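Down below is the structure, laid out as structure tokens.
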Amino acid sequence: MAGAVQESAALDLVAAQQGLDAQPFSRLVQARITEFGGGAATLEIDIRDELLQQHGFVHGGVLSYAADNTLTFAAAMALGPAIVTGGFSIQYLRPALGRTLRARAEVVQAGRRQAVCRCDLTVVDDAGEESVCAVAQGTVLPLNAPAGGGE
């Protein structure tokens, strides 16, 4: 992580999970925050049939959801909880097959007006082995940011 990230005292793992639970779609996919702190966050989703596409892989929309939310949770430590995704890109590397989808994001750089974060998405198999299935990078903005975005 480049530079120091000052965490908001109001944010901890319990508060992060409460924020996640406030999102109806997060409840639908049964997402959970398993790590939150130090400018990084981890989100996990148990893989089940409803989250698969027609070839039996985790649907790309579920991977994108996991990346988007994990990027914003990481950024929340630098920008506070009133934030939105400014944009992100995702690269799908291989089909997501396993029992658990795990997204880990960290702040790369943060200022007053934005935070740039990156996220690795992995699948955990029945033996507990992880393999990377996608990578993402995004920009997160505070809701009260001045028009024009960047630092």
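The values are calculated or read from the model by the stated rules, or taken from the named source; none is laboratory data. All values reported here derive from a predicted model rather than from experimental measurement. Here the Cβ is made from the backbone with ideal geometry for all residues, glycine too, and neighbour counts use every protein chain on show. For accessibility, only protein heavy atoms count, side chains too; no ligands or nucleic acids. Shrake-Rupley method; radii C 1.70, N 1.55, O 1.52, S 1.80 Å.
R32 sits with roughly 70 Å² accessible to a 1.4 Å probe, with DNA, RNA and ligands left out of the calculation.
Annotation for D21 and Q109: the two label points, set 7 Å from Cα along the Cα-Cβ direction, are 3.7 nm apart. Values (i) 87, 29, 28; (ii) 44, 29, 26; (iii) 49, 34, 28 are given for comparison; Cα extents along the principal axes in Å, derived from the coordinates here, is the one labelled (ii). Modelled label-to-label distance, Q30 and E129, 7 Å Cα→beta-carbon offset: nm? For Q30 paired with E129, the spin-label model returns 2.5 nm. Between helix 60-79 and the chain, what is the angle of the helix's C-alpha long axis to the longest principal axis, kept within 0 to 90° and rounded to the nearest 10? Tilt relative to the chain: about 30 degrees. Work from the charge dipole of the stretch 67-151 (Cβ charges, +1 for Lys and Arg, -1 for Asp and Glu, about the Cα centre) and give the residue of A74, V123, G98 farthest towards its positive end. The Cα lying farthest towards the positive end belongs to A74. Find the percent of Cα-Cα distances in the stretch 71-138 that exceed 21 Å, and round it to a whole number. I get 32 percent for the Cα pairs in the stretch 71-138 exceeding 21 Å. Using Cβ point charges alone (K and R +1, D and E -1), the dipole size of the chain about the Cα centre works out to roughly 400 debye. For the stretch 134-143, 3J(HN,Hα) computed residue by residue from phi via the Karplus equation (6.51, -1.76, 1.60; θ = phi - 60°) reads 6, 9, 9, 9, x, 10, 10, 10, x, 4 Hz, glycine and proline entered as x. A probe of 1.4 angstrom, applied to the heavy atoms of all protein chains, finds E129 with accessible area near 120 square angstrom. The label point for V14 and the one for E50, both projected 7 Å from the Cα toward the Cβ, are 2.8 nm apart.
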